[in-house]
């Protein structure tokens, strides 16, 4: 069993940390409604919102400093220094590349402010909110689409054109005309809930499966049944093939992951790249196919087309790399930056408790598999819950008493 983290003096920092998590995950939904009915939301608005979240997070963690945060503040400093070096090579500073790395460290430190019991509560509250919004989206697709209008929001805030979005099966599930993969006889459109994208909702399913493993022993039987059944409903709602596969892998591998040394987690990404390259070449997967093997083949093709100029950070990544998260990551951070990221995120020998090892390994594995085919793990609405929970797990302490009901 797991105990709460040491008392930090008052409840306001815990509440503030949980509010930041909820805002980072869900801010696109209210902005989409505002865009549809009040005023257009442009790219600059999103930049301001994310900058405000990051800034508030940094102020919060600095006010609640603990020694475990040192590593992550050093990570921010190292990637800021790397960004300055890359700006000299690129003849310009790329704020998004630095923001991608800042996001990891900030949310890990925010998670360190939140005790285990409160992390469990905010997870359940978010899960229920995601479920309720998804049910409304599925039950009333026309009314939900008219209220939220995610397509107009992404055109306004991301700079897409209607033609670019017309065939994207990863976006705007409420209007997706394609056939479902999971339980097609239901006739549901792909749902996206708070995230506005089925792909991000699928990423939540993978995270929720892992979080449920951590909290399972803390819940009574009725809560276990509710969480398990509702997660299955969300999985069917988002129709996520990758989500289903990754959740199953995590559940099956959990007994082993609890026992592996923490240092092995740094090898998942290079192993995934090697295995994906071999599989795509040996099995002759078609990079033009819009399925998981095709996306892997497309990602590997883009990655192995990079030259030394790209590998060492002279180039700025383009939106065309969205289907190859690893190629985007290498171009945005350079090969040196990718190695730094792996070391900071996963080389944590102090994590030795079974729950810590499970979370570390499962997160590293999910990140490695997801980054092969998309950049969604670099989105704040996906990264926030993964790395927030990493912070909670890092500072967990043994519990001496039995489980206490909420």
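The values are calculated or read from the model by the stated rules, or taken from the named source; none is laboratory data. For clarity, every value in this text was computed on a predicted model and none was experimentally measured. Positions of Cβ are backbone-derived with ideal geometry, glycine not excepted, and every protein chain shown enters the neighbour counts.
Summary of values
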{"quantity": "Number of the exception - residue 263 against (1) at pLDDT 85 or above; (2) surrounded by 14 or more Cβ atoms within 10 Å (Cβ to Cβ)", "calculated": "(2)"}
{"quantity": "Residue satisfying condition, being assigned to a helix (DSSP H, G or I) and either touching a strand residue (DSSP E or B) at 6+ places or on another chain (Cβ under 6 Å) or farther than 30 Å from residue 129 by Cβ (or both), within set 18, 74, 103, 69", "calculated": "74"}
{"quantity": "Hits in region 25-47 - residues which are surrounded by 14 or more Cβ atoms within 10 Å (Cβ to Cβ) and closer than 16 Å to residue 192 by Cα", "calculated": "25, 26, 27, 28, 29, 31, 32, 33"}
{"quantity": "Given (1) touching a residue at least 12 places away in the same chain (Cβ under 8 Å); (2) closer than 24 Å to residue 316 by Cα; (3) surrounded by fewer than 17 Cβ atoms within 10 Å (Cβ to Cβ), number of the condition residue 87 does not satisfy", "calculated": "(1)"}
{"quantity": "Any helices (runs of 4 or more DSSP H) falling wholly within region 294-397 and containing at least 1 residues that are surrounded by 22 or more Cβ atoms within 10 Å (Cβ to Cβ) and touching a residue at least 60 places away in the same chain (Cβ under 8 Å)", "calculated": "325-346, 354-371, 380-394"}
{"quantity": "Some residue of region 332-342 being at pLDDT below 90, within 18 Å of residue 102 (Cβ to Cβ) and within 20 Å of the chain's Cα centre (by Cα)", "calculated": "yes"}
{"quantity": "Residue check, residue 58 in contact (Cβ under 8 Å) with a residue 12 or more places away in the chain, farther than 17 Å from residue 385 by Cβ, crowded, with 18+ Cβ neighbours inside 10 Å and within 20 Å of the chain's Cα centre (by Cα)", "calculated": "no"}
{"quantity": "Flag if residue 36 is assigned to a helix (DSSP H, G or I), at pLDDT 95 or above, in contact with a helix residue (DSSP H, G or I) (Cβ under 9 Å, 6 or more places away or on another chain) and over 24 Å from residue 363 (Cα atoms)", "calculated": "no"}
{"quantity": "Single match in 256, 235, 288, 229 (criterion: more than 21 Å from the chain's Cα centre (by Cα), over 24 Å from residue 342 (Cα atoms) and part of a helix (DSSP H, G or I))", "calculated": "229"}
{"quantity": "Sole exception among (1) within 30 Å of residue 144 (Cα to Cα); (2) at pLDDT 95 or above; (3) buried (at least 16 other Cβ atoms within 10 Å of the Cβ) for residue 50, by number", "calculated": "(2)"}
{"quantity": "Selection status of residue 82, free of Cβ contacts under 8 Å to residues at least 12 places away in the same chain and either surrounded by fewer than 19 Cβ atoms within 10 Å (Cβ to Cβ) or touching a helix residue (DSSP H, G or I) at 6+ places or on another chain (Cβ under 9 Å) (or both)", "calculated": "no"}
{"quantity": "Condition check for residue 380: under 15 Å from the mean Cα position of the chain (by Cα) and under 16 Å from residue 301 (Cα atoms)", "calculated": "no"}
